[in-house]
Amino acid sequence: MKLATLKDGSRDGQLVVVSRDLTSAHYATGIANRLQQALDDWGFIGPQLQDLYDSLNAGRARHAFPFDPTQCMAPLPRAYQWADGSAYINHVELVRKARNAEVPQSFYTDPLMYQGGSDDFIGPCDPVVVPNEAFGIDFEAEIAVVTGDVRMGATPAQALDGIRLVMLANDVSLRNLIPAELAKGFGFFQSKPATSFSPVAVTIDELGDAWQGGRVHLALQSTWNGRKVGMCDAGEEMTFHFGQLVAHIAKTRNVRAGSIVGSGTVSNKGVEKDGRMEWPKGYSCIAEKRCIETIQDGQPSTEFMKFGDTIRIEMKGKDGHSIFGAIEQEVVSPASAAANAAG
């Protein structure tokens with residue numbers, strides 16, 4: 001099934017069930033008002049939401065209404081946990097190669113992960129507000145999962161069973177703030193502003209055979225200022241699957257229902273053509289493109305995002321239809337955001 005959260009003036013919004021084709025929705029009132037409620041009691045509430053979803057798709061839901069992604073908050077507008085991994089080792093290899101550094105061997109067996117802010121996610125069509133262009137604004141197209149309760153010490157297989165929903169993410173990075181923060185030895189903080197997520201979160205069965213081994217075997221599309229820059233395969237080159245990522249968190253603590261775990265930037269290896277490396281599937285973040293340019297030409301030439309730039313992130317099924325709806329955002333200054341809100 002497909003679930004979304006609509007804006008209603010509150011912090012947590014109103015849970016709705018969305019039709020498979022993303023054209024209609026139905027309030028889940030009477031079953032659960034908030035997605036977190038459903039996650040907390042999934043065994044009881046999940047089947048009721050599924051029944052409503054089946055009725056909606058069959059045209060039997062009496063109070064269905066047109067679904068409008070612009071009215072969506074993040075499926076979970078705030079969460080108990082947001083942990084983002086770096087599951088595509090090719091991304092790490094490119095970054096390291098661009099600065100002539102080796103990838104530590106442990107990176108191939110133990111996932112990288114950081115704890116992000118989870119108190120203030122933004123909706124799929126809400127603006128990305130950044131104080132200063134000089135911070136090095138970058139999008140990051142990712143896949144994320146939402147968990148139920150996963151016990152401490154869970155194996156990757158057990159952790160996979162704890163996954164309830166899948167969605168897309170734009171994990172915005174402020175690249176020019178990252179080096180100084182990492183130099184402190186304590187990880188990202190100011191360089192990672194609010195993350196946005198796709199209009200809908202879907203249960204694993206909606207992915208069909210595209211979900212294999214804890215990976216989504218479909219292309220993740222990134223369109224920057226109207227130009228498609230990435231059609232990256234999200235499945236084949238995912239070094240650590242989602243069960244491994246969730247189990248990594250659960251090594252020393254319980255993972256509670258409503259935790260969100262990200263894949264990190266979806267990334268594919270290049271191919272050699274006429275003695276030169278090319279990346280035919282493009283990129284899912286600007287930093288990776290700049291690393292490619294540095295490897296090829298000795299220096300980067302692509303600039304980071306500016307105010308007024310737009311980013312669209314979407315994934316389509318094998319039938320060509322959008323699965324999660326699209327993240328469609330504009331980068332704006334705080335002054336511009338305030339003016340738009342007032343107007």
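Yes/no per residue for (1) on the phi > 0 side of the Ramachandran plot; (2) within 16 Å of the chain's Cα centre (by Cα); (3) open to solvent by 40 Å² or more (accessible area, probe 1.4 Å):
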site	(1), (2), (3)
241	no, yes, no
252	no, no, yes
260	no, yes, no
271	no, no, yes
284	no, yes, no
303	no, no, yes
312	no, yes, yes
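Across the range 76-113, which residue is nearest to residue 292 (Cα to Cα) among those that are open to solvent by less than 50 Å² (accessible area, probe 1.4 Å) and hydroxyl-bearing (Ser, Thr, Tyr)?
By that ranking, first place goes to 88.
Kindly establish whether residue 40 is open to solvent by 60 Å² or more (accessible area, probe 1.4 Å) and closer than 25 Å to residue 196 by Cβ.
Considered against the rule, which asks whether it is open to solvent by 60 Å² or more (accessible area, probe 1.4 Å) and closer than 25 Å to residue 196 by Cβ, residue 40 comes out as yes.
Spot the failing condition for residue 56; the list is (1) open to solvent by 20 Å² or more (accessible area, probe 1.4 Å); (2) in contact with a strand residue (DSSP E or B) (Cβ under 8 Å, 6 or more places away or on another chain); (3) of a type outside the set (Val, Ile, Thr), and only one is missed.
(1)
Of the residues that make up the range 213-224, is at least one assigned to a loop (DSSP other than H, G, I, E, B), without any contact (Cβ under 8 Å) to a residue 24 or more places away in the chain and more than 18 Å from residue 246 (Cα to Cα)?
Among the residues of the range 213-224, at least one is assigned to a loop (DSSP other than H, G, I, E, B), without any contact (Cβ under 8 Å) to a residue 24 or more places away in the chain and more than 18 Å from residue 246 (Cα to Cα), which makes the answer yes.
Looking at the range 271-281, can you tell me whether even one residue there is outside any strand (DSSP E or B), modelled with pLDDT of 95 or more and of a type outside the set (Lys, Arg)?
no
If I ask for residues that are surrounded by 15 or more Cβ atoms within 10 Å (Cβ to Cβ) and in contact with a His (Cβ under 7 Å, 6 or more places away or on another chain), which ones from the range 2-21 would you list?
16, 17
Which residues, taken from the range 178-201, are surrounded by fewer than 20 Cβ atoms within 10 Å (Cβ to Cβ) and either within 25 Å of residue 157 (Cα to Cα) or of a type in the set (Phe, Trp, Tyr) (or both)?
186, 188, 189
The values are calculated or read from the model by the stated rules, or taken from the named source; none is laboratory data. The structure displayed is predicted, hence computed values, not measured ones. Counting neighbours? That spans all protein chains shown, and the Cβs are built from the backbone with ideal geometry, glycine included. We work out accessible area using only protein heavy atoms, side chains counted, and drop any ligands, DNA or RNA first. Shrake-Rupley method; radii C 1.70, N 1.55, O 1.52, S 1.80 Å.
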